[in-house]
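The values are calculated or read from the model by the stated rules, or taken from the named source; none is laboratory data. Small disclaimer: the values here were computed from a predicted structure and weren't measured. Every residue, glycine among them, receives a Cβ derived from its backbone with ideal geometry; neighbour counts consider all protein chains shown.
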Amino acid sequence: MNTNTSVKERSAAFKSGYVTLLGAPNVGKSTLLNQILKEKISITCPKPQTTRNRIAGIYNRDDCQIIFVDTPGIHRAKDIFNKILVETALAALEDVDVVCFMIEASPEPKDIDIFVLDIIKDIQTPIFLVINKIDLLKNKALILPLIDFYKSKHSFEAIIPVSALLGDGVVELLDEIVAKLPEGPKYFPEEYITDLPERFIIAEFIREKIFHLTRQEVPYAVAVTIDSFKENPEKNQIVIEATIHVEKKSQKGIIIGKGGRMLKEIGRLAREDIERFLGCKVYLGLYVRVQEKWRQDTRVLAELGFKLPKRKRFPI
């Protein structure tokens, strides 16, 4: 063993680890993940509770590989479906190296953010406070009282203001994270940007368009499954068929739209993202199915890929 290794040589060692992005709904976790990767793998929408699953994004640079885990927004869940979302988020706190607790830049702390911090403050994992959406503040000094408040609540490893949308502060955030990661190997080949299957990402792209194009309860009552994914060498394209699940006939009518216009628009916009993601031409066939009260049926939830954990990790 060489005991004369310099500090500079030790700091240059390759690092790797897992980092969870955690926070209340709509604080910008998915936008930050996409900004870091310079690739869209996590869907975004101004509506809260867009993210429903654990989304892993793999960031590579010369000195590190970081697996970022995007999570559903933590909120005061009451029904089965929303409890699943919160437990999915909290499960992402286990076996990670850093937690990025994200909040919005605002003159005063929000009750929901304090609620989230109360849940996670006693974990042993290093926690960074990431204050997002600083681009919306005309006077950046307005967040100084917010920083002072959170400093009094917890001893954070670092407090970093960012704009996930514009990329401001993201390089600084990455450098701070790398400084806390252990030395380790690459967990995934360098060309990987996620550990999720293509079918999952494609279903999410479709669901995102529904979130953007529909209102009220409709986007929250929707789930998407991929029924088939086949190559068509003759036309040099991939043929994808997907089902949009809704809870009511009225929601089916809204999704289809007059003369099928809404469904065509959902398909057109989703296909653009899918083709960009897959790098080839795509035929996308969409079907709509009514499945009453699927969010309250544990059997159907399991069929759609949602499973309530056997144990609760934190009081919610």
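Brief remarks on what is shown
- Tallying residues that are part of a loop (DSSP other than H, G, I, E, B), in contact with a strand residue (DSSP E or B) (Cβ under 6 Å, 6 or more places away or on another chain) and buried (at least 21 other Cβ atoms within 10 Å of the Cβ) within the range 65-104 yields 2.
- Which listed residue is surrounded by 12 or more Cβ atoms within 10 Å (Cβ to Cβ), outside the structural domain of residue 162 (by TED's automatic domain parsing) and within 18 Å of residue 55 (Cα to Cα), from 229, 205: 205
- Residue 292 vs. criteria surrounded by fewer than 17 Cβ atoms within 10 Å (Cβ to Cβ) and in contact (Cβ under 8 Å) with a residue 12 or more places away in the chain: yes
- Inter-residue pairs, beta-carbon under 6 Å, first small (Gly, Ala, Ser) and in the range 51-72, second outside any strand (DSSP E or B), 6+ apart: 56/195; 57/33; 57/37; 57/41
- So residue 162, is it hydrophobic (A, V, I, L, M, F, W, C) and surrounded by 13 or more Cβ atoms within 10 Å (Cβ to Cβ): yes
- Hits in the range 198-225 (condition: hydroxyl-bearing (Ser, Thr, Tyr) and more than 16 Å from residue 287 (Cβ to Cβ)): 214, 220
- Residue within the range 135-158 that is on the phi > 0 side of the Ramachandran plot, in contact with a helix residue (DSSP H, G or I) (Cβ under 7 Å, 6 or more places away or on another chain) and small (Gly, Ala, Ser) present: no
- Selection of the range 159-173 for residues being within 30 Å of residue 94 (Cβ to Cβ) and either outside any helix (DSSP H, G or I) or out of contact with any helix residue (DSSP H, G or I) (no Cβ under 7 Å at 6 or more places or on another chain) (or both) yields 159, 160, 161, 162, 163, 164, 165, 167, 169, 171, 172, 173.
- Of all residues in the range 149-158, exactly one satisfies the criterion of being surrounded by fewer than 18 Cβ atoms within 10 Å (Cβ to Cβ) and closer than 13 Å to residue 105 by Cα, namely 149.
- Near pairs, Cβ below 9 angstrom, 6+ apart or cross-chain, from the range 188-210 (more than 15 Å from residue 58 (Cβ to Cβ)) to any residue that is of a type in the set (Ser, Thr, Tyr) and crowded, with 23+ Cβ neighbours inside 10 Å: 204/42; 204/51; 207/50; 208/50
- Selection status of residue 111, of a type in the set (Asp, Glu), modelled with pLDDT of 95 or more, exposed (fewer than 15 other Cβ atoms within 10 Å of the Cβ) and more than 20 Å from the chain's Cα centre (by Cα): yes
- Residues being over 23 Å from residue 18 (Cβ atoms) and hydrophobic (A, V, I, L, M, F, W, C) - total across the range 106-165: 14
- Of all residues in the range 157-181, those that are assigned by TED's automatic domain parsing to the domain that holds residue 58 have Cβ atoms under 6 Å from Cβ atoms of residues that are of a type in the set (Ser, Thr, Tyr), 6 or more apart or on another chain, in 164/31; 165/31.
- Scanning the range 243-280 for residues that are part of a helix (DSSP H, G or I), of a type in the set (A, V, I, L, M, F, W, C) and either without any contact (Cβ under 8 Å) to a residue 24 or more places away in the chain or more than 14 Å from residue 210 (Cβ to Cβ) (or both) gives 274, 277, 278.
- Apart from one condition, residue 61 fits all of (1) among the basic types (Lys, Arg); (2) more than 23 Å from residue 199 (Cα to Cα); (3) surrounded by 17 or more Cβ atoms within 10 Å (Cβ to Cβ); the exception is (3).
- Search result, residues across the range 179-202 that are part of a helix (DSSP H, G or I) and either surrounded by fewer than 19 Cβ atoms within 10 Å (Cβ to Cβ) or modelled with pLDDT under 95 (or both): 179, 180, 198, 199, 200
- Sole residue being in contact (Cβ under 8 Å) with a residue 24 or more places away in the chain and not in a loop (DSSP other than H, G, I, E, B), chosen from 135, 148: 135
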